[in-house]
1. Pairs only if they're at least six apart or on different chains, beta carbon under 9 angstrom, first in the stretch 21-45 and more than 10 Å from the ligand (Cβ to nearest atom), second open to solvent by 10 Å² or more (accessible area, probe 1.4 Å) and of a type in the set (S, T, N, Q); list them, first residue then second.
2. Could you list, ordered by first residue, the pairs with Cβ atoms under 8 Å in which the first is in the stretch 275-287 and β-branched (V, I, T) and the second is in a strand (DSSP E or B) and within 12 Å of the ligand (Cβ to nearest atom), at least 6 apart or interchain?
3. Take the stretch 129-159 and flag every residue that is away from the ligand (no atom under 15 Å from the Cβ) and open to solvent by 30 Å² or more (accessible area, probe 1.4 Å).
4. Contact list please: Cβ distance under 9 Å, first residue in the stretch 95-107 and touching a residue at least 24 places away in the same chain (Cβ under 8 Å), second residue open to solvent by 50 Å² or more (accessible area, probe 1.4 Å) and among the basic types (K, R), pairs at least six apart or on different chains.
5. Here are some residues: D318, D326. Which one is without any contact (Cβ under 8 Å) to a residue 60 or more places away in the chain and either open to solvent by less than 50 Å² (accessible area, probe 1.4 Å) or farther than 24 Å from P7 by Cα (or both)?
6. Got a number for residues in the stretch 127-153 being out of contact with any strand residue (DSSP E or B) (no Cβ under 6 Å at 6 or more places or on another chain) and under 22 Å from K211 (Cβ atoms)?
7. Step by step: first the residues of the stretch 213-226, then only those that are at pLDDT below 95 and not basic (K, R), then the one that is surrounded by the most Cβ atoms within 10 Å (Cβ to Cβ). Which residue is that?
Amino acid sequence: MTAPQRPPRRIVIVGAGLAGASAAAALREQGFDGDVTLFGQEGHDPYELPPLSKGVLLGERDASDLVREAGYYDDHDIALCRDTTVTAVRPADHLIVDADGAEHGYDRLLLATGSRPRTLPGFDGPGVYTLRTLDDSLALREKLTDGARVVIVGAGWVGCEVASAARAHGAHVTMLDPAPLPLRHVLGDRVGAVFRDLHADHGVTLRLGVKATGTRDGGRTVHLDDGGELPADVVVVGVGALPRTELAQAAGLDLAAGGVAVDAALRTSAPDVYAAGDIAAHDHPRYEGRVRVEHWANAKEQGAHVAGNLLGGHDAYDADPYFFSDQYDLGCEYRGLADPARDELVLRGEPASREFLAFWLRDGRVTAALNVNSWDHGDALTALVATRARVSAQRLTEADPHTLTTGDAAPRR
Ligand SMILES: Cc1cc2nc3c(=O)[nH]c(=O)nc-3n(C[C@H](O)[C@H](O)[C@H](O)COP(=O)(O)OP(=O)(O)OC[C@H]3O[C@@H](n4cnc5c(N)ncnc54)[C@H](O)[C@@H]3O)c2cc1C
């Protein structure tokens, strides 16, 4: 029989982003009165990233949304160590080391180090930007001026949102991607085409099926793999993010799916060490294989959830992925996890109208749902994905979405 675990007195969190700060707050909300120390590399209070490619980049605001209001950490006796990089984790000794060489012991440790933007070799110079932090967003915003020539490398979520903000500032925007459609790997051809047309209608020049191979003159010229060149005042590299696993890797923790391997309860392979947010490659109880999600809701909810486990719980995290995006006058939410190359697409409404629902079905069950400029059925779509009900394509297109979670066994209206 194993001895019961002693309750922790010292909890250390590495990474003062959305997952880390949400966990710190949840520890206090759950009544933990021991030490909570939150280490963050940046000088700001913990903030959310989505406004960085939306309101901040659009110039509507100069700051992002804070994870908790100013003063919260002091008021709740959470030691927020700003401008402090953690350089090593020593699980065998139950301590971490900061950049000054100071050692900090823990009873339980949460790693929530998030991601860094993926960069591309050959893209460098003062005119080349990536977007991850508030400082990145403010610096890029300065350059998105009326008439500036902006080349965006990568037509993923961040690239599409930057394109939208750049057009709002009157910049000339070219967006490049080797894929034939924006967001194709997430949304497939039919829905990806909606985003292609959206950007084209807003004056973005799309160069799809073309790869940018590098820059010259500090980012003033972009080379393409078809031999072409594009002049640029600003180049934004938006080709995805890389989870920051280096601390975990150096500490000998198991890695998987590009992140830190965690079990259903978000425990890593090292005793008393947990991981949450972008870095967590999660053994999700409701999906096959590891699930690693780089989205806002996952970081916020895993952060809050893992607090209970840091305090001795063993609860599995089983929420479905969720994300949202805003581009021009299009807003959308996506719930679940589909493979558009494999799953059947069912559309409700006319995609060209940019107000529609999309469902992806596998073996008759909804793997994901997308609502575009349609806001009445969010809870029903969440439940539909969560229950994995069997629903026919016909019912998805015809029935009241609120009745769908009962599946096809339910009487038809
Ligand atoms: C521009 C942008 C727009 C986005 N928009 C959306 C959106 O519209 N919808 C959506 O669902 N998702 C969006 N996302 C994704 C979402 O914001 C992220 O998935 C989420 O913030 C991840 O949270 P996290 O806590 O895991 O990591 P982060 O928020 O990245 O936080 C990690 C923190 O850890 C710190 N850190 C790392 N290593 C160390 C270390 N060694 N020592 C100390 N501190 C360290 C970092 O500095 C960082 O502050 C967006 C992301 C970006 C970049």
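1. That search, which allows pairs on different chains as well, returns A24/T37.
2. From residues that are β-branched (V, I, T), the pairs are I279/L111; I279/S115; I279/P243; I279/G259; I279/V260.
3. Correct list: E142, K143, T145, D146, G147, R149.
4. Every condition considered, the pairs that remain are I96/R90; H104/R10; G105/R10; Y106/R10; D107/R6; D107/R9; D107/R10.
5. D318
6. Counting residues in the stretch 127-153 that are out of contact with any strand residue (DSSP E or B) (no Cβ under 6 Å at 6 or more places or on another chain) and under 22 Å from K211 (Cβ atoms) gives 1.
7. G219
Yes/no matrix, rows are residues, columns are (1) surrounded by fewer than 19 Cβ atoms within 10 Å (Cβ to Cβ); (2) under 19 Å from L266 (Cα atoms):
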position: V12; (1), (2): no, yes
position: A16; (1), (2): no, yes
position: A25; (1), (2): no, yes
position: D33; (1), (2): yes, no
position: F39; (1), (2): no, no
position: H44; (1), (2): yes, no
position: E48; (1), (2): yes, no
position: T87; (1), (2): yes, no
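The values are calculated or read from the model by the stated rules, or taken from the named source; none is laboratory data. Predicted, not measured: the structure shown is a model, and the values here were computed from it. Note that each Cβ is placed from the backbone with ideal geometry, even for glycine, and that neighbours are counted across all protein chains shown. Note: accessible area is taken over every heavy atom of the protein model, side chains too, but ligands, DNA and RNA are not part of it. Shrake-Rupley method; radii C 1.70, N 1.55, O 1.52, S 1.80 Å.
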